[in-house]
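The values are calculated or read from the model by the stated rules, or taken from the named source; none is laboratory data. Keep in mind that this is a model prediction, so the values were computed, not measured. Quick reminder, even Gly has a Cβ in these numbers, built from the backbone with ideal geometry, and neighbours come from all protein chains shown. These accessible areas exclude ligands, DNA and RNA; they are computed on the full protein's heavy atoms, side chains included. Shrake-Rupley method; radii C 1.70, N 1.55, O 1.52, S 1.80 Å.
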Amino acid sequence: MVEATERLAAAGVSTPRLDAECLLAAALRCDRAALYGRLEVLPAEAAGRFAALLERRAAREPVAYLTGTREFWSLPLTVTPAVLIPRPETETLVEAILECLGDRAAGPLTIADVGTGCGAIAIALAVERPEARIVATDVSPEALAVAAENARRFRVDGRITFLRGDLTAPLFEANLTGALDALVANPPYIPTADLEALELEIAGFEPRLALDGGPDGLAFHRAVAVAAPRLLRPGGWLAVEVGAGQARAVRSLLAASPGLAVHAVVRDLAHRDRVCLARREAAG
Ligand SMILES: C[S@@+](CC[C@H](N)C(=O)[O-])C[C@H]1O[C@@H](n2cnc3c(N)ncnc32)[C@H](O)[C@@H]1O
């Protein structure tokens, strides 16, 4: 373990001990917690798997792609290189929209998750709100396949419809105009020119499609701000995740969209502005 940790540290990995433990657990096909007590003898096959995983991690491939899983909202989700690795800060969006929706049990909820990736947000909301029906979209068929597999694993596939298409177009095609209680999105929001400067784990391995937010990073927020008032029912909620320094601009975009009223900007656990919330104004 000491050697493995040193190997990863030398390769510039920021959490070498933790990552070495995760990879050893993956090689042994057990939990990280179960590692303790079985470190003495490493079977030859597992040793081979561990060595191969370490080399890939030393080349800065993310642990989640190597183990094929990442926990989100306490759900161990399957991830592949076709999807963004779900981030803990996106749980702020889940929390915020659940709070907006309140405990309203009367009638089913209809929620759309645009750019669902591995399905993290859609599945967390489906688990939390058993009365919700969710439509989750993505332009990537590979991402939708991963999301559908995750929905099956957590037994919410009967309540999530996955649609392929550009941004909110599949929602209009599915006749959801004026029908949504909530529209949520964690869109790609890195300005194109900043992509190459991201750490190697992101720039070299995560799908560009999941990261690139256009010249100023706000191309998707702009489109969602325009479409949201047509898709939400009066009183329906919009929650969009934002990147560093984007909250003020996104707030203005939402405020400028006729029919939307900005509700709040919510901070994540690191006290960074992370989610912009708006509400469809009542008709009339
Ligand atoms: C930042 S990732 C978010 C993934 C997931 N919602 C999460 O929070 O982990 C953005 C997602 O938007 C998808 N995407 C990119 N361009 C899109 C477009 N034009 N229409 C729909 N989805 C798109 C990407 O494939 C990716 O899955």
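Values for this structure:
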read-out: Some residue of the range 199-207 being farther than 25 Å from ARG274 by Cα and either touching a Gly at 6+ places or on another chain (Cβ under 9 Å) or crowded, with 21+ Cβ neighbours inside 10 Å (or both); value: no
read-out: Counted residues, the range 178-195 - those being assigned to a loop (DSSP other than H, G, I, E, B) and farther than 19 Å from GLY214 by Cα; value: 2
read-out: Output for the range 133-177, where each listed residue is charged (D, E, K, R), outside any helix (DSSP H, G or I) and within 10 Å of the ligand (Cβ to nearest atom); value: ASP138, ARG164, ASP166
read-out: Residue ranges of helices (runs of 4 or more DSSP H) in the range 1-91 with at least 1 members loosely packed, with under 13 Cβ neighbours inside 10 Å and of a type in the set (A, V, I, L, M); value: 2-10, 44-58
read-out: Pairs where the first residue, in the range 255-274, is assigned by TED's automatic domain parsing to the domain that holds ARG233 and the second is exposed (fewer than 14 other Cβ atoms within 10 Å of the Cβ) and in a loop (DSSP other than H, G, I, E, B), C-beta under 7 Å, 6+ apart; value: ARG272/ALA244
read-out: Single match in VAL250, VAL262 (criterion: in a strand (DSSP E or B) and β-branched (Val, Ile, Thr)); value: VAL262
read-out: First in the range 173-198 and under 16 Å from PRO229 (Cα atoms) and open to solvent by 50 Å² or more (accessible area, probe 1.4 Å), second anywhere and away from the ligand (no atom under 13 Å from the Cβ) and of a type in the set (A, V, I, L, M), Cβ under 9 Å, 6 or more apart; value: THR177/LEU231
read-out: Considering residues of the range 93-124 that are more than 11 Å from the ligand (Cβ to nearest atom) and under 17 Å from PHE72 (Cα atoms) only, the residue most open to solvent (accessible area, probe 1.4 Å); value: GLU95
read-out: Given (1) outside any helix (DSSP H, G or I); (2) within 14 Å of the ligand (Cβ to nearest atom); (3) open to solvent by 10 Å² or more (accessible area, probe 1.4 Å), index of the condition GLY217 fails; value: (3)
